[in-house]
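Take a look at the structure set out below.
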Amino acid sequence: MSRPAEGIPEPRHRLGLAALAGRGRETAVGGEDGPCGPDVVGGLAAAWAEAVAGTSYVSMSRSEIEQHLAGLTRQLVTALLAEPFDPTPARQVGAAMVAAHFTGTETLNRTVALLATELPARLGLFRDGCQGPVVERVAAVQGALAAGYAEALRQRTLDEQEAISQAVFVARDQTEQALRASEARFRAVFAEAAIGIGVGDMAGRILEANASLLEMMGYSLEELRQRNVRDFMHPEDAASVWRLYDELVHGQRDHFRVEKRFFRSDGEVIWTHLTVSLIRDDRGHPTYQVAMIEDVTDRHLLQERLRYQALHDPLTGLPNRALFLDRLSRAFETGGRDGRVGLCYLDLDGFKVINDSLGHDVGDQLLVAVGQRLDACVSAPGRLVARIGGDEFIILVERSGSTQDVVVIADHVLAALEAPIRVGEHELAVSASIGLVERPVHGTTPADVMRDADITLYWAKSDGKAKWALFDPERNAREVARFTLSATMPAAIERGEFYLDYQPLVRLSDGQLVGAEALVRWRHPEFGLLAPDRFIGLAEETGQIVPLGRWVLREACRQARLWQDRFGQRAPFISVNLAVRQSRDPSLVADVAKVLAETGVEPGRLQLELTESAVMGTADEPLDALRALSAMGVRIAIDDFGTGYSNLAYLRHLPVHELKIAGSFVEGLRASAADGSHVVDARIVGTLVSLAHALGLGVTAEGVETEAQARRLDDIGCDSGQGWYFARPGPPDQITRLLS
Amino acid sequence: MSSVTTGPRPLPAQVDLDRPSAARVHDYWLGGSHNFAVDRELAERAERIVPELPAAMREYRAFLRRAVRFCLDSGVRQFLDLGSGIPTVGNVHEVARAVDPAVRVVYVDRDPVAVSHSRVMLADVPDVDVLHADLRDPERVLDSPEVAGLLDLDHPVAVLMVSSLHFVPDSDDPAGVIGRYREAMAPGSHLVLAHATGDSDARLVGEQAARVAALYRRSADCLTLRSRAEVTALLTGFALVEPGVTRVPDWRPDTPRTADEHPHRNIGYAGVGRRV
Ligand SMILES: C[S@@+](CC[C@H](N)C(=O)[O-])C[C@H]1O[C@@H](n2cnc3c(N)ncnc32)[C@H](O)[C@@H]1O
């Protein structure tokens, strides 16, 4: 550092001049009043600071700068004045300037200029006119300072460049290391991932694949690299898979996710969730594709199993109701205008007995065997055999040609079940009843055909076993009507839809009206006026006959009371039909007593008509009831006498007052036929009449239609007659008029 | 003020010497040689647009020195220098330790070169540390081992953002960032802010400023110039120290200066806020 810079002249002149002698030597330098005194140095430093202000950045305030430069000034002055002269310390001043960061280019320029002017001037060196040596010394000092400055600045620049390069190197190393570390992490993720990952180029060539993918596919990396993504097309792939793929490789989408099947190298199929993503370069050009493949085969198989289980009967392995209904509705969806569908709904006859007597195990095995036979004799494309409940099976014919198709199947099934089925040591004879429905799908619904198949199966069952029945819309309509009637009957009673007509009972001897039979009618809001034969049987089946009969009794008695009030002794008795079921109703006696009491009708003016079967051959209770009624004074008549089994001997034990001879006997009395049949009938009627009279019973003939009949009956001795010859059933006014 | 906490910002993943860096450009203007041709090129092009830029940059550095001394006078003995750059000359610890050798300093910068250079230079300096982080992640900075190891946030601290916050665009919510530092600062702490402006009350008019900002767009650091009002708003929540927000050279100058002494040098505003 301190070696003299080349090109700077060695000082040759001493400044041992008079002008300076008084101011002392080096010893005096720095003294209070010497050239290095505070005033001179301070002034110089201030001038220096002013000159270089703003030319460099130094981390000092103005006064600090002046202070700092004062130190350097002192050094310079000392060097300038030193004897012997040696400019070397000025080099250090130059170096110190660089150290303090007076490094701006302008700073050195102004400093050198200042040394040439201000320094000697302020030291008064030009005063004595001997400028020669001074100039030389000053130049030497300038040169030394500049050399020291240049040297230090060069060194500093080199150091800083070195430092910053080093910093770059270190920083680079560190970021690269971080990059390598993160790359290594990603590599590890790639390599260790449980999910299969593959990288391909935009042409579909496979470049990279991780271990999971290789294992999943059963290929080595080399093998996989020979292949193209498109080689992994699977025939069952959804069309969208490869459309999405094309969009991706054309850069139109950045990723997609699908379910896809793959063939493994061993030909096995795996099910996967596949996600493919597009990787673009810095400029956004598609460069790579990354596929992530998750093997979901197990999940898929499980799902299939669950789906199968949900749609199949675990016992027989046949499709279950859910699958059947699904296929049925699909048959409707695809049937169009002309498609037809057929159902054979079958149910084993007497299965319950087998189950109950031989146990569920046997029952179950029987069902399995039946299922197998059905499957064997029916299964064909477009047909489905399903077990849809206990011992109920159904055969769906998805595209039947005609009704004949299902009939043939039904015959097949019945035949197939003829041979006994062996279950364990049991040989079981089974049969089935089958309800058949076959029709165009247009205009009907799956629910309709199911309901109709159910009804038809019921018909088949009630028609006798081991039969099939075909759905019959008319029969169905009738049954529907019957059902509707029985269902609406209770409300109809309340709404007053029923009313009574009356038909006169006439004494044959003098034509006097003695009684009136009450006949119930239903003015149905939908079906119109209904005669009793349309609804009485139904009412007996459903039990509605009891409330209906009670209503008829009360209504008839109400009318009887009107006549009783109006005509006194001439008033007719009223005859009311009692159904079998009514006659067995335990509250019958009480009901009648109550109605009589309420209406105030004399018991003798009420006659109850029962059929033979209701009275005879029954248990004791009805008889007890009849006896009680009879004891009450109510008349009991046997209706339609002669059509039942007419146990005449039994009659004497019964509390009966009147026999009504069925119209069929009376009919014979009408003709003046030449064949003489009327003679036979007349004899039978005559016998009946005399028998009845012998037992103290009155006789009424039904169905009297002609005057001749009336006359003959009268001749025979029959007491009363009823029929169109006298009057048809009509409103109560008709009776009233006849009496008045 | 936004308190949304996002994940730490990714620091530059690569040292890209093809792009200039604000730290090295700044070094160049301060007369340092810690720079490369790309940096000098940006500096020289910027100088062609605004010739007094180098001088102005020195004013930032001078403000930093004055502000550090002011903080020391106010009793602060610990410093967090956010966006510290390359320690060319007059670094915070040097300025501060001239007054009190016990001062502790943590330098923070996101420029990897600046950071590694700082680490080398400061390797043997006790109680000074360097953190490579982004100042927009206050939590990351404040919870770092460097800060936790040297600074005691229960005591006053000076948080310096000298010539660095203008590299934070509005979309990164600079006020929110400052707010999150403020929350961590004990009463008696100071926020030291010096910020570039495009205010046209000086010769660095908007258009010139925009051209300089455009130059920086090619560097790793984008420049956002803010008005005096905006800079003042950034100090919301602090008590402004006299004389408030001023042109950089006018903030507590060493020697009283006349108003028009540097009429051309308003390229930025400075201010110091005190946490009360
Ligand atoms: C112009 S220098 C200022 C250096 C020093 N503070 C001064 O005033 O002399 C700006 C510095 O801020 C740094 N910087 C910019 N944005 C930053 C950020 N978001 N986080 C940390 N440092 C940042 C740059 O890397 C650069 O070193």
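The values are calculated or read from the model by the stated rules, or taken from the named source; none is laboratory data. Note that the coordinates shown come from a computational prediction; the quantities given were computed from them, not determined experimentally. Virtual Cβ from ideal backbone geometry, glycine too; neighbours counted across all protein chains shown.
Could you tell me whether A:V52 is at pLDDT 85 or above and touching a Lys or Arg at 6+ places or on another chain (Cβ under 7 Å)? For A:V52, the condition - at pLDDT 85 or above and touching a Lys or Arg at 6+ places or on another chain (Cβ under 7 Å) - is met. Please identify the pairs in which a residue from the range B:63-76 that is more than 20 Å from B:S164 (Cα to Cα) and free of Cβ contacts under 8 Å to residues at least 40 places away in the same chain has its Cβ atom under 8 Å from the Cβ atom of a residue that is outside any helix (DSSP H, G or I) and more than 11 Å from the ligand (Cβ to nearest atom), counting only partners at least 6 apart or on another chain. Here the result reads B:L72/B:V99; B:L72/B:D100; B:L72/B:V103, each pair linking the range B:63-76 to a residue that is outside any helix (DSSP H, G or I) and more than 11 Å from the ligand (Cβ to nearest atom).
Within the range A:344-359, residues that are of a type in the set (S, T, Y) sit with their Cβ atoms under 9 Å from residues that are surrounded by fewer than 21 Cβ atoms within 10 Å (Cβ to Cβ), at 6+ positions apart or across chains, in these pairs: A:Y345/A:I388; A:Y345/A:E392; A:Y345/A:M450; A:Y345/A:D454.
Picking from residues in the range B:5-24 that are touching an Asp or Glu at 6+ places or on another chain (Cβ under 9 Å) and either modelled with pLDDT of 85 or more or small (G, A, S) (or both), the one that is farthest from the ligand (Cβ to nearest atom) is B:G7.
Taken over the range A:37-75, the criterion of being farther than 21 Å from A:V141 by Cβ, surrounded by fewer than 19 Cβ atoms within 10 Å (Cβ to Cβ) and touching a Gly at 6+ places or on another chain (Cβ under 9 Å) is satisfied by A:G54 alone. Being among the aliphatic types (A, V, I, L, M) and in a loop (DSSP other than H, G, I, E, B) is the filter; apply it to the range B:120-133 and report the residue that is farthest from the ligand (Cβ to nearest atom). So, considering only residues that are among the aliphatic types (A, V, I, L, M) and in a loop (DSSP other than H, G, I, E, B), the one farthest from the ligand (Cβ to nearest atom) is B:A123. Among the candidates A:Q582, A:Q607, the residue that is at pLDDT 90 or above, surrounded by 19 or more Cβ atoms within 10 Å (Cβ to Cβ) and not hydrophobic (A, V, I, L, M, F, W, C) is uniquely A:Q607. Any residue at all in the range A:126-145 that is of a type in the set (F, W, Y), crowded, with 21+ Cβ neighbours inside 10 Å and either over 30 Å from B:D254 (Cβ atoms) or within 14 Å of chain B (Cβ to nearest Cβ) (or both)? Checked against the condition, which is being of a type in the set (F, W, Y), crowded, with 21+ Cβ neighbours inside 10 Å and either over 30 Å from B:D254 (Cβ atoms) or within 14 Å of chain B (Cβ to nearest Cβ) (or both), the range A:126-145 yields no hits at all. Of everything in the range B:30-45 that is aliphatic (A, V, I, L, M) and surrounded by fewer than 21 Cβ atoms within 10 Å (Cβ to Cβ), the residue that is nearest to A:T103 (Cα to Cα) is B:A37.
Against the list (1) at pLDDT 90 or above; (2) within 12 Å of another protein chain (Cβ to nearest Cβ); (3) in contact with a helix residue (DSSP H, G or I) (Cβ under 9 Å, 6 or more places away or on another chain), the condition B:I86 fails is (1). Among helices (runs of 4 or more DSSP H) entirely within the range B:168-256, having at least 1 residues that are modelled with pLDDT of 90 or more singles out B:174-184, B:228-234. In the range A:85-95, is there at least one residue being within 14 Å of chain B (Cβ to nearest Cβ) and within 30 Å of B:V115 (Cα to Cα)? Scanning the range A:85-95 turns up no residue that is within 14 Å of chain B (Cβ to nearest Cβ) and within 30 Å of B:V115 (Cα to Cα). In this structure, A:S402 does not qualify as within 19 Å of A:F324 (Cβ to Cβ) and surrounded by fewer than 20 Cβ atoms within 10 Å (Cβ to Cβ).
Looking at this structure, is A:A194 within 25 Å of A:D298 (Cβ to Cβ) and either exposed (fewer than 13 other Cβ atoms within 10 Å of the Cβ) or within 14 Å of another protein chain (Cβ to nearest Cβ) (or both)? It is true that A:A194 is within 25 Å of A:D298 (Cβ to Cβ) and either exposed (fewer than 13 other Cβ atoms within 10 Å of the Cβ) or within 14 Å of another protein chain (Cβ to nearest Cβ) (or both). Each residue in the range B:123-139 was checked for being surrounded by fewer than 19 Cβ atoms within 10 Å (Cβ to Cβ) and away from every other protein chain (no Cβ under 12 Å), and 5 pass.
Exactly one residue among A:A178, A:A121 is hydrophobic (A, V, I, L, M, F, W, C), exposed (fewer than 15 other Cβ atoms within 10 Å of the Cβ) and within 14 Å of chain B (Cβ to nearest Cβ), and that residue is A:A178.
Looking only at residues in the range A:451-486 that are over 25 Å from A:L530 (Cβ atoms) and assigned to a loop (DSSP other than H, G, I, E, B), the one that is nearest to the chain's Cα centre (by Cα) is A:F471. Does A:L608 meet the test of being in contact (Cβ under 8 Å) with a residue 12 or more places away in the chain and out of contact with any Ser or Thr (no Cβ under 8 Å at 6 or more places or on another chain)? Here the answer is no, as A:L608 does not meet what is asked. When each of B:S163, B:S171 is tested for being within 14 Å of another protein chain (Cβ to nearest Cβ) and either closer than 19 Å to B:A233 by Cα or within 10 Å of the ligand (Cβ to nearest atom) (or both), the lone residue that passes is B:S163. Taking the listed residues A:L301, A:L274, the one that is under 21 Å from A:P235 (Cα atoms) and crowded, with 17+ Cβ neighbours inside 10 Å is A:L274, with no other qualifying. So which residues in the range A:290-318 are at pLDDT below 90, of a type in the set (A, V, I, L, M) and farther than 30 Å from A:G390 by Cβ, if there are any at all? A:L301 - this is the single residue of the range A:290-318 that is at pLDDT below 90, of a type in the set (A, V, I, L, M) and farther than 30 Å from A:G390 by Cβ.
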